[in-house]
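The values are calculated or read from the model by the stated rules, or taken from the named source; none is laboratory data. This is a predicted model, so every value here is computed, not measured. Reconstructed Cβ throughout: ideal geometry from the backbone, glycine too, with neighbour counts over all protein chains shown.
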Amino acid sequence: MSVFCPIDAIIVDTSAFYNEQFDFIGVQDSILPSLFEIINEKKISLISHPILRAEIKKHIADSEVISKLTNFKTAIKRYKSIMELIGLSADEITERVDALNMQDKLTDAFEKAFEEANELPYPNAEDVFAQYFACAAPFAASGDKKSEFPDAFVILSIKQYLKANPTKCILILTDDGDWRAALSDTPRAILANSVGEGIRMMQDSEDILPIFKEVLPEIESALISSLECEAYELNGFEMEDDLEITAVRVKDISDLFIPLKITDDRVILRTTAEIEVDGNAIVMDEDRSIWDSEDRAYIFTAYSSVDFEKATAEVEFDVEISFDPENHLSFITLEKVKPNIRYNIEIDLDYDHAIFCDVEIDGDAEMMEALEEYYRH
């Protein structure tokens, strides 16, 4: 819908929650708690559907938060003897991880966020099947049309809600192409690709930009200090060891931010920075390595060292700023800068500023031994 109308209600597709890893308690990212806080503050009606509730509960078990804890426990078992050397009990740490009951915590937080939600009723099944046989969105003329039935029921429920509430406008958070195709021409339906975009639509942040720009030099300095302590990896390369970063610079900070929280004297914003780094690493050299296509494995792996400058990456971060409630541009203080790093920061090489050198430590001898062993078997 192109014509703007005030947002009275909001519904969030499973895909939007998936992109935020169902982190309803803000373990590694505060955006979902911020979303529900804004919905409550602005008294926007939260809409749900039994199908969406069931899908979300099912996918919480597959969330990134849960998988990280599972991987952590696996790593603890693998390095159990090493941990004992430094006086740590792997069994005790595993028990403490299990005691978190993280899946239950995420599910409980989801239930609490939706305890007062307006749950849409199921539409008439005949109407859904009419769309199915007509190949109308979300159904298509080709592909597995039957997999779209859950979405079709929810989408038709949304349309019926709007028809029954002719003065309401509903914000729909989804990046699902079938949802967008089915709802793009629906009157009073406002589509947003992500939770962040939805928050931006709900929040009036015009007066925040001057405050943000006032502390940009401090934000840049604090961000560099934080990023110097992060782990990095080269995009497109398999590394033999940790990458060493020797310098971090901020090229640009976007002023297209997401206002996570706005009060009379404080704002929390989310935005991105383009950074530039120098460093060095040891990477696998595919050209000099020997690949066995039958076993789909390398018989011999060669490595190269790379010294680079001006490699780039995009980093998302949150910034908290306080200010004088009487005069927003007076007594501005940068309270916190927090990068949102889920894994290593992936950087892209600028090949005009990268020097590769073969690592030749007994390389020929090792290759011949590997080939001799391979052909012997």
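The table below gives the values:
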read-out	value
Options Asp127, Asp207, Asp176, Asp108: the member that is in contact (Cβ under 8 Å) with a residue 24 or more places away in the chain and under 30 Å from Val27 (Cβ atoms)	Asp176
Single residue of segment 27-79 satisfying the filter (of a type in the set (Gly, Ala, Ser) and within 19 Å of Arg200 (Cβ to Cβ)) that is surrounded by the fewest Cβ atoms within 10 Å (Cβ to Cβ)	Ser30
Unmet requirement for Thr74, which otherwise passes all of (1) within 23 Å of the chain's Cα centre (by Cα); (2) within 30 Å of Glu92 (Cβ to Cβ)	(1)
Near pairs, Cβ below 8 angstrom, 6+ apart or cross-chain, from segment 73-90 (farther than 20 Å from Met102 by Cβ) to any residue that is hydroxyl-bearing (Ser, Thr, Tyr)	Met83/Ser89
Pick from segment 309-338, criterion of a type in the set (S, T, N, Q) and in contact with a Lys or Arg (Cβ under 9 Å, 6 or more places away or on another chain), ranking: surrounded by the most Cβ atoms within 10 Å (Cβ to Cβ)	Ser322
Arg188 of a type in the set (Lys, Arg), farther than 20 Å from Lys57 by Cβ, touching a residue at least 40 places away in the same chain (Cβ under 8 Å) and surrounded by 13 or more Cβ atoms within 10 Å (Cβ to Cβ)	yes
Hits in segment 132-172 (condition: exposed (fewer than 11 other Cβ atoms within 10 Å of the Cβ), modelled with pLDDT of 90 or more and of a type outside the set (Gly, Ala, Ser))	Pro166, Thr167
Flag if Ile39 is of a type outside the set (Lys, Arg), touching a Leu at 6+ places or on another chain (Cβ under 9 Å) and within 23 Å of Ser157 (Cβ to Cβ)	yes
Exclusive hit being in a strand (DSSP E or B), within 22 Å of Glu335 (Cα to Cα) and in contact with a helix residue (DSSP H, G or I) (Cβ under 8 Å, 6 or more places away or on another chain), set Lys261, Lys310	Lys261
Test for Lys105: is it charged (D, E, K, R), closer than 29 Å to Val319 by Cα and in the same structural domain as Val195 (by TED's automatic domain parsing)	yes
Counted residues, segment 269-288 - those being at pLDDT below 85 and under 19 Å from Asn235 (Cβ atoms)	5
Subset of segment 261-275 (residues that are under 19 Å from the mean Cα position of the chain (by Cα) and surrounded by fewer than 16 Cβ atoms within 10 Å (Cβ to Cβ))	Glu274
Restricting segment 40-67 to residues that are part of a helix (DSSP H, G or I) and without any contact (Cβ under 8 Å) to a residue 40 or more places away in the chain, the residue that is nearest to Ala113 (Cα to Cα)	Asn40
